[in-house]
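Below you'll find the structure, written out as structure tokens, and then a few comments.
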Amino acid sequence: MVKDPTRSSFRRAARLAQLGAGLAGSYLAHQLQRPFIDEARAKDRRQTLHLKNAKRVRRELQELRGPIMKVGQALSMQTHFLAPEMIEELSALQMHAPAMHPSLMRAQFKSALGKYPEEVFRSFEPEPFAAASLGQVHWAVTKGGESVAVKIQYPAMREAIESDFRALRAAGFVALLSGHLRQSVVNEAERGILEEIDYLREAKNIEFFGKALAPLKFVRVPKVYPELSSDRVLTMSRVRGSRLLDFLKTDPSQELRDKLGTALTRLFFYQLFCVQALHSDPHPGNYLLNADGTIGLVDFGCVKYLKPEVPRCYAQFWSREWAHDPKLYAEIIRVVFGPRVSPQEPRVRRCMNGIRQFYDEFHPLDRTSEALELADSRFMDELAKLASILVKNKFLSPEFLFLSRTESGMCNLLHTLKARVRTTQIAREWMPALRRPKTPGHS
Amino acid sequence: MKKSHRGRNKSAGRTKRSGGKRELNKERTKERILEGALQLFREKGLEHTTTKEISKKAGIAEGTLFNYFKTKEDLALYFFQKETDDLIQWFRGEARLQKAPLAEKLFAIIHRQLEYIEPYEDFIGAVFYRSLQPSSMLSPLSFESQEFRLRYLRFIREILADAEKKGEIPPVGALGAYAVGLFYMGIVTHWLHDTSRGKQKTLALLDRALSLGTNVLKKGGWEW
């Protein structure tokens, strides 16, 4: 574990998450990179040339505005390749697609679907109720009388992103970013962004998750209206529920908080182990909570389909068997930390010991019926510290970075909800390594 | 062309401007010819459409056609006159737009113009370049095109004056209306070459350029 625990950066991130500020769409980096950065250490490095470079890159990107910021964010996820200073600077970037006035929104809708909203819907709210990934979301009612949410993207985003990447490559930003950032990484970032802005792909994700999560009766996933959707417009059924902060205003009972907390935890582990794909945008606005204990899950722009070894290794983490099994230990290091990290390194040992202590304290295998008090800020602090070490040492492979982001986002949510959850028991239901197979279902 | 006639009628919709029954019939025939011709241009392209086909479609003798339109350019001029009428009439009926910010008003107006010409892209493309020749009837300098251009400029000027009155922009005078007119021509050029799906690049350009333009003006002209 680190000496000198600093909590302020995490607090700030948690506050940000609560406010839902600056987290529009799936700008994961912003929400989750923050807690990974140890502020005190960063301060020490303020004078270094590296940081100056990082600031310069951020400034330049910020001046370019628009989708380029998303590029910065995507690159900020490449923790393997970038210095921590660079990650910090890049994750401070926020993306704003310009808001669309009703005339532009209508024009874009027609450009995508060939007709105006009022021609294909019974009613349509001209003012958006939320910002989305490079666009905005409107309420509407279909001709059949169903309530829907219509997500509309700002025009020509794809072209703008492609041209931003051309500029990025031409301007030699790539070299500037770290000195050793590879072209393939930039290409990967571009591919990722282009994928995320394609609403047809998001529609596929929704269908996939709708089917995959059907056994969990307490989860509601929207239904896509393909005839009212395209790559730039996505029409989905409206999912009931309140955002976390609004929900808390209704002063829910501890029993209800626990029930929802348990449902959220089950949702997470079920995705990880049974679906092997994650809804990886833990923005609190994406979970809609209901008094009957059901959860609406929305926004599937950022979804990670996992390789089978990822859930397997995660389960091995939990099992703690690796502490006595050198072969298993080496495999975990290879899969989770990547092939470039040697299992024998002292910092790796220290880190793994820290992980073990953390799990023993908060997810004890011998007291599985004990509920974890997520309101306890010590758990959150320790989690943040752990994440901070992993990221600083560039330990996490990109897949595990996604996983740990989703997990800490989930913990953040549960923390704000002040839920008590039997995490170990739930994890056990589906976790292969804990060897207690059970079929899914029943909330 | 009955220019003297139209001159007295300011910017009122053309359909209301019918004199006698004969005038009305004449106008209807012109509209019918235009409609048929546009359909043919769409199917066969401007160059491959013959006057014979146009007159057949309109149900008139080929010789009669020339009483109404001497050339395809003539027909194009009539098309733009109708377009201007349609635009002004449409805008007056849009209650919500009257209260919208200037950038949105101009966006909606130009988008409406693009929408009007959209089905006839080939035809517009062909006449657009012809209009760059000073000798063309469609040229901004030709006598024939002045009437509808002036009507358009006055219309835009009215909108700008309204924005000036509301303090949205500093006084820009007649120059502002000319600037919008030129901007529209630039946008049409971009639109004609826009290969993005649903011509969304033009939408983005239009939106960005208008918000940039109005923001610059808000800051008090070019000296920001």
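The values are calculated or read from the model by the stated rules, or taken from the named source; none is laboratory data. None of these values were measured; they are calculated from a predicted model. All Cβ positions, even for glycine, are placed from backbone atoms using ideal geometry, and neighbour counts span all protein chains on display.
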(request) Taking only the stretch B:183-222 into account, find how many residues are among the small types (Gly, Ala, Ser), without any contact (Cβ under 8 Å) to a residue 24 or more places away in the chain and more than 18 Å from B:GLN113 (Cβ to Cβ). (result) 1
(request) Go through the stretch A:230-261 and count every residue that is within 19 Å of A:LEU113 (Cα to Cα) and either within 14 Å of another protein chain (Cβ to nearest Cβ) or buried (at least 21 other Cβ atoms within 10 Å of the Cβ) (or both). (result) 7
(message) Under 6 Å between Cβ atoms, which residue pairs at least 6 apart in sequence (or on different chains) link something in the stretch A:272-284 that is more than 25 Å from A:ASP246 (Cβ to Cβ) with a partner that is hydroxyl-bearing (Ser, Thr, Tyr) and surrounded by fewer than 22 Cβ atoms within 10 Å (Cβ to Cβ)?
(response) A:ALA277/A:TYR305
(request) Considering each residue of the stretch B:182-196, count those that are surrounded by 13 or more Cβ atoms within 10 Å (Cβ to Cβ), within 14 Å of chain A (Cβ to nearest Cβ) and either part of a helix (DSSP H, G or I) or at pLDDT below 90 (or both), and give that number. (result) 3
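Return the residues of the stretch A:143-155 that are in a strand (DSSP E or B) and surrounded by 19 or more Cβ atoms within 10 Å (Cβ to Cβ); say none if nothing qualifies. If you could, list the steps in order and put the result at the bottom.
Pass one, the stretch A:143-155, residues in a strand (DSSP E or B): A:147-153.
Passing the criteria: A:VAL148, A:ALA149, A:VAL150, A:LYS151, A:ILE152, A:GLN153.
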(request) Read through the list (1) under 22 Å from the mean Cα position of the chain (by Cα); (2) buried (at least 22 other Cβ atoms within 10 Å of the Cβ), then give the number of the only condition that A:LEU200 fails. (result) (2)
(request) Scan the stretch B:153-176 and give yes if some residue there is within 12 Å of chain A (Cβ to nearest Cβ) and of a type in the set (Gly, Ala, Ser), otherwise no. (result) no
(message) Considering only the stretch B:81-96, I want to know if a residue exists there that is farther than 20 Å from B:ILE117 by Cβ and within 14 Å of another protein chain (Cβ to nearest Cβ).
(response) yes
(message) I need the full set of residues from the stretch B:98-113 which are surrounded by fewer than 20 Cβ atoms within 10 Å (Cβ to Cβ), of a type outside the set (Lys, Arg) and within 10 Å of chain A (Cβ to nearest Cβ), in order please.
(response) B:ALA100, B:PRO101
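I'd like to check something: does the stretch A:101-114 contain any residue that is assigned to a loop (DSSP other than H, G, I, E, B), surrounded by fewer than 23 Cβ atoms within 10 Å (Cβ to Cβ) and more than 14 Å from chain B (Cβ to nearest Cβ)?
In the first step, residues of the stretch A:101-114 are kept if they are assigned to a loop (DSSP other than H, G, I, E, B); the result is A:101, A:114.
Right, trim to surrounded by fewer than 23 Cβ atoms within 10 Å (Cβ to Cβ) and you get A:101, A:114.
Filter again for more than 14 Å from chain B (Cβ to nearest Cβ), leaving none.
Checking the stretch A:101-114: not a single residue is assigned to a loop (DSSP other than H, G, I, E, B), surrounded by fewer than 23 Cβ atoms within 10 Å (Cβ to Cβ) and more than 14 Å from chain B (Cβ to nearest Cβ).
Is at least one residue of the stretch A:411-426 assigned by TED's automatic domain parsing to the domain that holds A:LYS307, modelled with pLDDT under 75 and either of a type outside the set (Val, Ile, Thr) or surrounded by 16 or more Cβ atoms within 10 Å (Cβ to Cβ) (or both)? Steps first, please.
Looking only at the stretch A:411-426, we keep the residues that are assigned by TED's automatic domain parsing to the domain that holds A:LYS307, and these are A:411-426.
Among the residues that remain, those that are also modelled with pLDDT under 75 are: none.
Checking the stretch A:411-426: not a single residue is assigned by TED's automatic domain parsing to the domain that holds A:LYS307, modelled with pLDDT under 75 and either of a type outside the set (Val, Ile, Thr) or surrounded by 16 or more Cβ atoms within 10 Å (Cβ to Cβ) (or both).
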